[in-house]
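Structure first, then comments.
The values are calculated or read from the model by the stated rules, or taken from the named source; none is laboratory data. Predicted, not measured: the structure shown is a model, and the values here were computed from it. As a convention, Cβ positions derive from the backbone with ideal geometry for all residues, glycine included, and neighbour counts pool all protein chains shown.
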Amino acid sequence: MKPTYEQSAAAKLAHDIRESAEKFDGVRRFMEVCGTHTMAIHSSGIRSLLPENIALVSGPGCPVCVTEKSFIDEAVLMARGYDAALATFGDLIRVPGAMGSLASHRAEGGDVRVIYSPADSLAIAAQIAPKPLIFLGVGFETTTPTIAATVKIAKEQSINNFFVLTAFKTIHPALKALAGKSDLHGFLLPGHVSAILGVTCYDYLVTDFHKPGVVVGFEALDILLAVKNLSDMVVSDDPRIINGYKTVVREEGNPTARALVDEVFRPTDAAWRGLGVIPKSGLGFTELYRAFDARERFPVTPPESKDDPRCRCAAIITGSKTPDTCALFGKECTPEEPVGPCMVSSEGTCAAYYKYGAL
Ligand code: SF4
């Protein structure tokens, strides 16, 4: 059968990548920072097309995976202690905390609503008033503008039983923490996040770390082209930041969305699974919006975050290990019975390996 255009283009790119990779000695490891890229890479079988001396490794871009266990416990304690309802995106519902998951809290009679858009939580808040509704705010720069907009609407409409428990993360501090690793040689930069942040904001990868980056979309051909660009830049020792997703990402990003986030949230220190506390890598409320801060309104003391010592999630999301090195993978830890968040999240690396195999 005649190959499709995509198959021919993929074969040509794979050939060009192999040719490029023949020009350097040793293995070059490129990190896909974004969880959506992890799934796209595994579902399309891209890794099977790459030469042995190019490895794609996962990064910290799966928001559920980098969120510490204590966040789930904090939410459950708030709900129990203050008779509050919880609203969350579906990915979080089965993430295990030390005291169980949101799903088990719901099974015990807790009020947990799965929503598809932050705006849904305002409608729920109106229905259940005066009972408080706590929205679990997890995500990166792609998510925070819509949540900031929701908080702003809540303020304008004086919806005073709506609160947000924040565990937002910002990508630059984590990327800076990883960029110095000598076994990472380039970065596939997140497409959706870059639509908000732009392209020039990644220049520090080149100026401070002498490493290349390519902002890339989620189609297999786009990712292959980005890998070729990274490989070529390694060969020429000419690191740059390339925008490979020009249909969506503008050089300057989306200043309006960033201004909205800056109005509602301010940088705070944040704990990342695998990376520890990174200064100014999270978001809390600005003074103007602090009335919506669930942490301030419903103080609780969650147990210290302790992952199952056998779980390798922390090493996996920093590119140091792959899921098949975890003794629990596919045995005690499966998507049906997850031990760690990398298996729960639809963007988790363990879930991707389980669903699509190692290649
Ligand atoms: Fe953790 Fe499960 Fe992944 Fe092992 S397979 S690292 S236990 S999430």
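So how many residues does region 278-331 have that are within 13 Å of the ligand (Cβ to nearest atom), of a type outside the set (F, W, Y) and either touching a Lys or Arg at 6+ places or on another chain (Cβ under 7 Å) or outside any loop (DSSP other than H, G, I, E, B) (or both)?
Initially, region 278-331 is screened for residues within 13 Å of the ligand (Cβ to nearest atom), giving 307-318, 320-331.
So of that shortlist, the ones also of a type outside the set (F, W, Y) come out as 307-318, 320-328, 330-331.
Narrowing the set further to residues that are either touching a Lys or Arg at 6+ places or on another chain (Cβ under 7 Å) or outside any loop (DSSP other than H, G, I, E, B) (or both) leaves 307, 312-317, 321, 323-328.
Matching residues across region 278-331 total 14.
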Discussion item. So, in region 323-359, exactly how many residues are modelled with pLDDT of 90 or more and of a type in the set (S, T, N, Q)?
Written reply: 3
Worksheet entry | Within region 192-249, considering residues that are without any contact (Cβ under 8 Å) to a residue 60 or more places away in the chain and touching a Ser or Thr at 6+ places or on another chain (Cβ under 6 Å), the one nearest to T38 (Cα to Cα) | V215
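Listed here are the residues, each with its yes/no results for (1) among the hydroxyl-bearing types (S, T, Y); (2) at pLDDT 90 or above; (3) part of a helix (DSSP H, G or I).
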| site | (1), (2), (3) |
| --- | --- |
| K2 | no, no, no |
| E6 | no, no, yes |
| I17 | no, yes, yes |
| G26 | no, yes, no |
| R29 | no, yes, no |
| S48 | yes, yes, yes |
| V57 | no, yes, no |
| F71 | no, yes, yes |
Fill in: Failed item in (1) surrounded by 19 or more Cβ atoms within 10 Å (Cβ to Cβ); (2) more than 18 Å from V344 (Cα to Cα), with I128 passing the rest
(1)
Discussion item. Which residue is surrounded by the fewest Cβ atoms within 10 Å (Cβ to Cβ), if the candidates are limited to region 335-359 and must be within 8 Å of the ligand (Cβ to nearest atom) and in a loop (DSSP other than H, G, I, E, B)?
Written reply: V339
Fill in: Selection count, region 184-200, where residues are in a helix (DSSP H, G or I) and crowded, with 18+ Cβ neighbours inside 10 Å
7
Item to complete: Pull up region 77-99, narrow it to residues that are under 18 Å from G340 (Cα atoms) and assigned to a helix (DSSP H, G or I), then point me to the one that is farthest from the chain's Cα centre (by Cα).
Response: G90
Practice prompt. Go through region 294-311 residue by residue and tally those that are crowded, with 18+ Cβ neighbours inside 10 Å and under 24 Å from the mean Cα position of the chain (by Cα).
Written response: 4
Worksheet entry | First in region 288-308 and touching a residue at least 24 places away in the same chain (Cβ under 8 Å) and closer than 24 Å to F265 by Cβ, second anywhere and within 16 Å of the ligand (Cβ to nearest atom) and of a type outside the set (K, R), Cβ under 7 Å, 6 or more apart | S305/E68
Discussion item. Looking at the structure I just gave you, is V27 closer than 15 Å to V235 by Cβ and of a type in the set (A, V, I, L, M)?
Written reply: yes
Worksheet item: Taking into account only those residues within region 212-242 that are touching a Leu at 6+ places or on another chain (Cβ under 6 Å) and more than 20 Å from A10 (Cα to Cα), which is surrounded by the most Cβ atoms within 10 Å (Cβ to Cβ)?
Response: G213
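Of all the residues that make up region 83-136, how many are among the hydrophobic types (A, V, I, L, M, F, W, C) and free of Cβ contacts under 8 Å to residues at least 12 places away in the same chain?
Applying the first criterion (among the hydrophobic types (A, V, I, L, M, F, W, C)) to region 83-136 yields 84-87, 89, 92-93, 95, 98-99, 102-103, 107, 112, 114-115, 119, 122-126, 128-129, 133-136.
Still in the list and also free of Cβ contacts under 8 Å to residues at least 12 places away in the same chain: 103, 107, 123.
Here the count works out to 3.
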